[in-house]
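Shown next, in structure tokens, is the structure this report addresses.
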Amino acid sequence: MGYCDIHCHIIPGVDDGSKDLAESIGMIEIAAKSGITDIILTPHYKPGRLEHSKERFFKELETLKKHVKDNGFDVNLYLGTELMFSEDCIELLENDKILSMNDSKHILVEFRPMDSAKYIKDCLYKITCCGYTPVLAHVERYVSMIEAYDDIEEIINRGALIQVNASSVIGKIGGKVKKFIKMLMKYDMLHFIGTDAHDIKERTPDMKKCADYIEKKFGKEYRDELLINNPVKYFNITR
Ligand SMILES: [Fe+2]
């Protein structure tokens with residue numbers, strides 16, 4: 001098994017990610033070439049603003065699976081969502097309206113860039129109280145979380161898991177963030193890496209540079225823990 005991308009916007013026409021089927025196929029091709037063999041598709045779900053039914057997502061999944069097969073890509077696709085947190089989320093989760101990560105009890109959840117550490121901590125805990133394990137999407141994108149190691153430790157101790165974007169690992173959004181993520185790795189405060197890919201040009205599903213960087217800095221075993229073993233362990237991925 002190759003790498004697993006647990007966060008991307010490859011389903012066409014449902015959010016600000018892939019605009020059509022051709023782009024989705026192009027994205028999957030880029031992913032495959034960068035060593036990814038398993039992809040959890042995580043379209044945005046923003047209560048009251050951007051909502052699609054589970055049925056719609058499953059239909060899109062089947063279409064993409066067919067094209068993956070027709071194109072001969074060695075890639076397996078699974079479904080999840082990236083849930084933008086709001087108070088409405090709790091009721092949606094309780095009523096089973098939100099797709100979890102590959103039908104596990106894990107929910108990928110994002111916040112707004114300026115949300116406070118206290119707000120993020122409290123909201124993640126609310127999700128935990130609904131019986132789900134939250135996966136905090138791209139922790140490096142929240143101003144309040146940069147170098148907030150104590151807050152992140154508290155979040156993990158309360159049962160949540162942490163994801164960062166592959167492009168941030170290799171410094172695409174700056175040296176300060178790159179160093180912050182390196183420290184998360186050093187302190188064992190990171191669980192997953194996703195590409196958070198949106199297209200075939202700017203935000204592509206390329207995992208190779210990130211994987212090579214982790215291998216160089218921390219070794220093959222740790223690279224595989226983040227990119228293969230943890231997704232398999234937490235998200236019921238069987239091959
Ligand atoms: Fe995303």
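Just so you know, all these numbers are worked out from the coordinates, no wet-lab data involved. Quick caveat, the model's predicted, so the values are computed rather than measured. Cβ atoms come from the backbone with ideal geometry, glycine included; neighbour counts cover every protein chain shown.
Some notes on this structure:
- Put simply, the amide H of R203, placed in the peptide plane, has neighbours under 5 Å in H198, leaving out anything fewer than 5 places away on its chain.
- Distance between the modelled labels on D74 and M183, one decimal in nanometres: 4.0 nm (7 Å Cα→Cβ projection).
- Look at where the Cα atoms of the range 66-81 and of the range 8-41 average out, and the two centres are 9 Å apart.
- Placing +1 on each Lys and Arg Cβ and -1 on each Asp and Glu Cβ, with no other charges, gives the range 3-234 a dipole about its Cα centre of roughly 600 debye.
- Scoring 2-9, 122-129 by mean Cβ neighbours within 10 Å over their residues and listing the highest first yields 2-9, 122-129.
- Modelled spin labels at D150 and E202, positioned 7 Å past Cα toward Cβ, are 3.7 nm from each other.
- Proxy reagent accessibility, fewest Cβ within 10 Å first, across M114, M27, M189: M114, M189, M27
- DSSP bridge orientation in the chain - percent antiparallel, rounded to nearest 5: 5
- Each label was represented as a point 7 Å from its Cα along the Cα-to-Cβ direction; for K97 and K217 these points are 4.0 nm apart.
- Value of Rg to Rh for the chain (Rh from inverse mean 1/r over Cα pairs, i.e. Kirkwood): 0.94
- Long-range HN-HN contacts of I173 with modeled amide H, under 5 Å: none
- For the range 22-85, average projected area of the Cα convex hull in nm²: 4.7
- R0 of 35 Å, Cβ-Cβ distance R158-L21: FRET efficiency to nearest 0.05: 0.30
- Loop sites in the range 135-239: chymotrypsin sites (Phe, Trp or Tyr not before Pro), DSSP, at most 13 other Cβ within 10 Å: Y187
- Mean ellipticity per residue at 222 nm, deg cm²/dmol - from DSSP H runs of n ≥ 4 across the chain, formula -39500 (n - 2.57): -12000 deg cm²/dmol
- Which listed pairs, of K46/K176; K121/K216; K121/K176, have C-alpha distances above 25 Å, in listed order: K46/K176; K121/K216
- Taking amide H atoms as placed 1.01 Å from N in the peptide plane, the amide H of H106 lies under 5 Å from those of M101, T133, each 5 or more residues away in sequence or on another chain.
- Restricting the range 148-238 to trypsin sites (Lys or Arg not before Pro) in coil, as DSSP defines it, with at most 13 other Cβ within 10 Å: R158, K201
- Candidates I90, I10, V75 compared by Cα position along the dipole of the range 1-97: farthest toward the positive end lies V75, with charges placed on Cβ.
- Cα lying deepest toward the dipole's positive end in the chain, options L124, Y187, T63, charges on Cβ: Y187
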